[in-house]
Amino acid sequence: MKDVIKKARELALDEIKEFGTPPVALFEVSLEQGQVLAEACGADKDIVTLGTILMDVKLGEAKSLGKKDEHIKMSADASEVFLKDLDVDDGVIHQVLQCVNEHHGTKKFGSIEAEICANADCYRFLRPDILMVFITGLTDGGMELNDAVKFVLKKMEEKHKTLSLPKAIKDLRTHYATMKEFLENGVLKNENAQYYKWTTYKQIINKKTSKIVYFNERELWWMHIGLNVGHEQNGHGDKFLRPVLILKRINRHLFVGIPQTSKDKIDHEYYYKYKHNTRQLILLLLQIRVFSSARLHEKLGMLNKEDFIKVKERVKKWL
Ligand SMILES: [Fe+2]
């Protein structure tokens, strides 16, 4: 059985590597918690191990084909072929397939091992540390943070209803209530939650520091300026964006930038007003600072030469 488990694990990790889902942390937590629950319930640990390893083995492929709802059937079919190829006993195959087929819960579980797998799956969506990995994975994949949080809340609801084993309920009930409150009222409604959102988004941007972004002086870019402190300039929307002028390229990673606004300001030496078509725009010279090129999102255009020279002169004089 050890060899079968080893090969099943290799298969599942290969699938994760190829399709990028579920995140390894989520895969590992079900595996680990399945064993804890099997011990507590006196169940067959090998069946639970194979069940937790194989229950979502085709989740990534199903998602890539736009057939996420079919991942249980696809995982069961692939598990059957895999286990038969290794000449695993028919009785064991039947039990493992029961685990795979019932891992999203059912009114009546076919075995305690299947019930354990379904409960072990709930840890992926109800344990706070794993939830954070899940949310980051979704936003990393391009989902807006609010949408990711709403999606996670839906999954939490579904998994909370699936919980049936006393130990799993005891482990996760408080986490469910706390995380639901935090995500619903803390993240989606509360103003302060913008800081949480920006911190989450900042981690995503920080991963881009290895990618080279080509930029030049005088260019205007949409930039992830973020959510900052006090009167420092902030960005808007889920991506915390604001236009910024690239005043001075320091190297390929850093530049000196000046944030821009369209909100009217009083006449002062630290506001540079200029016209773009018929629109008045204002460069906030007082908000000048060094930025990482990883913050650059999308090029907007170029400031005309005449204005650029005047901005530089104004900055030199003012500073
Ligand atoms: Fe699943």
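Assuming charge only on the beta carbon of Lys and Arg (+1) and of Asp and Glu (-1), the dipole of region 261-319 about its Cα centre is about 100 debye to the nearest 20. Each residue of region 299-308 was assigned a 3J(HN,Hα) from its phi angle through the Karplus expression (A = 6.51, B = -1.76, C = 1.60, θ = phi - 60°), giving 6, 9, x, 10, 7, 5, 4, 4, 5, 4 Hz with x at Gly and Pro. Among LYS107/LYS155; LYS17/LYS58; LYS275/LYS310; LYS275/LYS299; LYS58/LYS107; LYS2/LYS58, which pairs are too far apart, with a Cα-Cα distance over 20 Å? Where the Cα-Cα span goes over 20 Å, the pairs concerned are LYS58/LYS107; LYS2/LYS58.
Neighbour counts of C-beta atoms inside 10 Å place PHE255, PHE109 in the sequence PHE109, PHE255, starting with the fewest.
So how strong a dipole does the chain carry about its Cα centre when Lys and Arg Cβ are +1 and Asp and Glu Cβ are -1, to the nearest 20 debye? Could you put the intermediate results ahead of the total?
Values: 51 positive and 45 negative charges, 501 e Å.
The dipole magnitude comes to about 2400 debye.
In sequence order, region 16-21 has phi-based couplings of 4, 4, 6, 10, x, 8 Hz under the Karplus curve 6.51 cos²θ - 1.76 cosθ + 1.60, θ = phi - 60°, and Gly or Pro positions carry x. For the chain, the calculated P(r), taken from all Cα-Cα distances in 10 Å bins from zero up to the bin holding the longest distance, is 6, 22, 23, 17, 13, 11, 7, 2, 0 percent. At a Cβ-Cβ separation cutoff of 4.7 angstrom, cysteine residues of the chain with no neighbouring cysteine are CYS41, CYS122. Using the Kirkwood radius over C-alpha pairs as Rh, can you work out the diffusion coefficient of region 212-318 via Stokes-Einstein at 10 °C, viscosity 1.306 mPa s, in µm² per second? Answer from the Stokes-Einstein relation: 114 µm²/s. Amide hydrogen proximity for MET302: with H placed 1.01 Å from N in the peptide plane, the residues at 5 or more positions away or on another chain lying under 5 Å are LEU220. Near the amide H of ASN228, within less than 5 Å, lie the amide hydrogens of GLY235, all on another chain or at least 5 residues away, with H placed in the peptide plane.
In region 2-189, a dipole from Cβ-located charges (positive for Lys and Arg, negative for Asp and Glu) runs towards its positive end, and of GLY105, VAL4, MET179 it is MET179 whose Cα lies farthest in that direction.
Ranking of HIS175, HIS224, HIS268, HIS276 by neighbouring Cβ atoms within 10 Å, starting from the fewest: HIS268, HIS276, HIS175, HIS224.
Of the residues GLY20, GLN33, ILE169, the one whose Cα sits farthest towards the positive end of the charge dipole of the chain is GLY20 (charges of +1 on Lys and Arg Cβ, -1 on Asp and Glu Cβ, taken about the Cα centre). Its convex hull of Cα atoms gives region 73-150 a direction-averaged projected area, equal to a quarter of the hull surface, of 6.8 nm². Dividing the radius of gyration of the alpha carbons in region 12-124 by their Kirkwood radius gives 0.94 for Rg/Rh.
With θ taken as phi - 60° and the Karplus curve 6.51 cos²θ - 1.76 cosθ + 1.60 applied, the whole-hertz 3J(HN,Hα) list for region 140-146 is 4, x, x, 7, 5, 4, 4 Hz, x standing for glycine and proline.
Since every read-out is calculated from the coordinates, none of them should be taken as a lab result. Note that the structure is predicted; figures quoted are calculated from it, not measured. Neighbour counts run over all protein chains shown; Cβ positions are idealised from the backbone, glycine included.
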